[in-house]
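Novice: I have a structure I would like to understand better, so I am pasting it below and will then ask my questions one at a time.
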Amino acid sequence: RMEDRRIFTRIKIKLPLKFLDPANGKEGNAETVDISANGFGLVTNEKLPERTYLEMRLYIPDHHEPLCTKGEVIWCKAVIGTSQQRLGLRLEKEELMGLARTLWSNK
């Protein structure tokens, strides 16, 4: 079993997310599975290869603007029996305020 080296706790939360791949202009929708200050676990119907760089808007239900952030797909695998992909994404910079906002909205 691989050791989990995450510094920040992951919070299981489903939030809508829109993404853009600026390299090819491809846009899509995803939903978070879990989030931390330095990454997201996502499910999407789009195939996003490893090392795909994305610009994202995370919709947090706290009546504020979406959290705009950027990151890179670290891994991607098909969800068996569905058309969905499950992926892990590392954020370009830590989003501590974004993490705090999701915690507050998750009460």
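Novice: Hey, could you check the stretch 80-92 for residues that are touching a residue at least 40 places away in the same chain (Cβ under 8 Å) and open to solvent by 20 Å² or more (accessible area, probe 1.4 Å) and say which is nearest to ALA37 (Cα to Cα)?
Specialist: ARG90
Novice: Additional query: Which pairs do you get when a residue that is in contact (Cβ under 8 Å) with a residue 24 or more places away in the chain, found in the stretch 39-67, comes within reach of a residue that is of a type in the set (S, T, N, Q) and open to solvent by 80 Å² or more (accessible area, probe 1.4 Å), reach meaning Cβ atoms under 7 angstrom, with the pair 6+ apart or on two chains?
Specialist: THR44/ASN29; ASN45/SER83
Novice: Then there is this: Could you check how many residues of the stretch 93-106 are closer than 23 Å to ASP21 by Cα, part of a loop (DSSP other than H, G, I, E, B) and touching a residue at least 60 places away in the same chain (Cβ under 8 Å)?
Specialist: The total comes to 1.
The values are calculated or read from the model by the stated rules, or taken from the named source; none is laboratory data. No experiment lies behind these values; they were computed from the predicted model shown. With ideal geometry, Cβ positions are generated from the backbone for all residues, glycine too; neighbour counts draw on all protein chains shown. These area figures cover heavy atoms from the full protein model, side chains too; ligands, DNA and RNA do not enter into them. Shrake-Rupley method; radii C 1.70, N 1.55, O 1.52, S 1.80 Å.
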